[in-house]
């Protein structure tokens, strides 16, 4: 297959993925997530793989393009660990411990700074726990002859995107 044949199979669709001719397998991104996921796969149908492509000439700077499924050589799925979230959670815990040490080390300042520091300490601890509990994400790669299209779920949305990832795996 030549790249010109693949370009013939690419169509620009301004409409939503639900309006495909074939059955929608999975919608991987909501339209509200489009601006922060340019270059990523948005939806998969029986005949099309839709992804966002940067467009400097448009007002919104991206457009939805679809590639025919027949040009896809392989679909790979795996789970990935978001290590940056583990480090961020550890940093929040260290900051909470540091604030608690500061609060307990100088008993004279306890009355003047205790309320704001306790609120910040509890907030940092809660944020740290949230980062520790959501470290996995789904990754799907679509292998094409001239490019690789990907989709990564946000680590915080691992459970809510599980159905879409399962639908892609079953379709592959």
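The values are calculated or read from the model by the stated rules, or taken from the named source; none is laboratory data. Because the structure is a prediction, the values reported are computed rather than measured. We place every Cβ from the backbone using ideal geometry, glycine too, and count neighbours over all the protein chains shown.
Would you point out which residue out of 22, 114 is at pLDDT below 75, farther than 21 Å from residue 150 by Cα and touching a strand residue (DSSP E or B) at 6+ places or on another chain (Cβ under 8 Å)? Don't jump to the end; show me each part of the working.
Numbers: 114 fails: touching a strand residue (DSSP E or B) at 6+ places or on another chain (Cβ under 8 Å).
Every option except 22 fails the conditions.
Out of region 56-90, which residues are assigned to a helix (DSSP H, G or I) and either surrounded by 16 or more Cβ atoms within 10 Å (Cβ to Cβ) or within 22 Å of the chain's Cα centre (by Cα) (or both)?
If the condition is that a residue be assigned to a helix (DSSP H, G or I) and either surrounded by 16 or more Cβ atoms within 10 Å (Cβ to Cβ) or within 22 Å of the chain's Cα centre (by Cα) (or both), then 69, 71, 83, 84, 85, 86, 87, 88, 89, 90 are the ones that fit.
Give the residue, chosen from 167, 162, that is under 15 Å from the mean Cα position of the chain (by Cα) and touching a residue at least 12 places away in the same chain (Cβ under 8 Å).
Exactly one of 167, 162 is under 15 Å from the mean Cα position of the chain (by Cα) and touching a residue at least 12 places away in the same chain (Cβ under 8 Å), namely 162.
I need a count of the residues in region 123-155 that are closer than 30 Å to residue 93 by Cβ and out of contact with any helix residue (DSSP H, G or I) (no Cβ under 8 Å at 6 or more places or on another chain).
So the answer is 6.
It is to be established whether one or more residues within region 138-150 are touching a residue at least 60 places away in the same chain (Cβ under 8 Å), within 18 Å of residue 27 (Cα to Cα) and assigned to a helix (DSSP H, G or I).
no
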